[in-house]
Amino acid sequence: MGSGGVVIPFVITLILLLTLVPWTSDFLMRRTRDGHRAFWYVLGASVILFVPSCALITFAVDAFRYGKFHYSSASQISDSDDLIPPSARAITIYRSSSGCQAKYTVREKSLINWLERQARKRLGDDSKLIRPSSGAGNGEQPDTSAAFTERFGSYGWKYEGWMKHYQIPGSVRSGPLSVWHNPETEEAYEDAVY
């Protein structure tokens, strides 16, 4: 999904120009005396306007692709790319070009099963899910409270000391995945990097 941020606007711009240049050139050739000169002007303008066109199309596409989204269940997410557990519900996702932050409700067993599948998918068959940690850093484990606040504080989501923190390190296939889960309320907070 990471390269899709650049490829989609490029392809849309290329298709538009490959369609508009011949059509515009043909139209101008029929309307002017020097049709060949018109073709070269249109071709030159399309080369000069290619990058600005890509930027404009990127802006338009990103307005629909990134931002804040709400779903009642994971099945409603059409482009999830296995983004969250299939049994998740009451979902809020903040998407950006580099990843997403999400809040959803899921049972602990379903979350762990999904995380184990993610670990195998990202790191290979012999990978092991990093077991949960909880609480503040003690020199051996990271301060999960500070990490949570750094990632989710701007959304108003609050850290609770009894949350379990699961991590899957990044790999060649994808970026790191961190999930904080409160087993009592079944609320999960996910930070995924593409």
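The values are calculated or read from the model by the stated rules, or taken from the named source; none is laboratory data. Quantities reported herein were computed from a predicted structural model and do not represent experimental measurements. Heads up, the Cβs are rebuilt from the backbone with ideal geometry, glycines too, and the neighbour counts pull from every protein chain shown.
Here segment 156-178 is the region considered, the condition is being touching a Pro at 6+ places or on another chain (Cβ under 9 Å) and assigned to a strand (DSSP E or B), and the residue that is nearest to Ser97 (Cα to Cα) is Leu177.
Checking Thr24, Thr58 one by one, the residue that is surrounded by 12 or more Cβ atoms within 10 Å (Cβ to Cβ) and under 30 Å from the mean Cα position of the chain (by Cα) is Thr58 and no other. Only one of the numbered conditions (1) modelled with pLDDT of 90 or more; (2) of a type in the set (A, V, I, L, M); (3) touching a Ser or Thr at 6+ places or on another chain (Cβ under 6 Å) is not met by Ile57, and that is (1). Here segment 160-194 is the region considered, the condition is being farther than 15 Å from Trp114 by Cα and of a type in the set (Val, Ile, Thr), and the residue that is modelled with the highest pLDDT is Thr185.
Just to be sure before I move on: is Ser80 more than 14 Å from Ser178 (Cβ to Cβ), at pLDDT 90 or above and assigned by TED's automatic domain parsing to the domain that holds Asn182 in the structure I sent? No, not satisfied.
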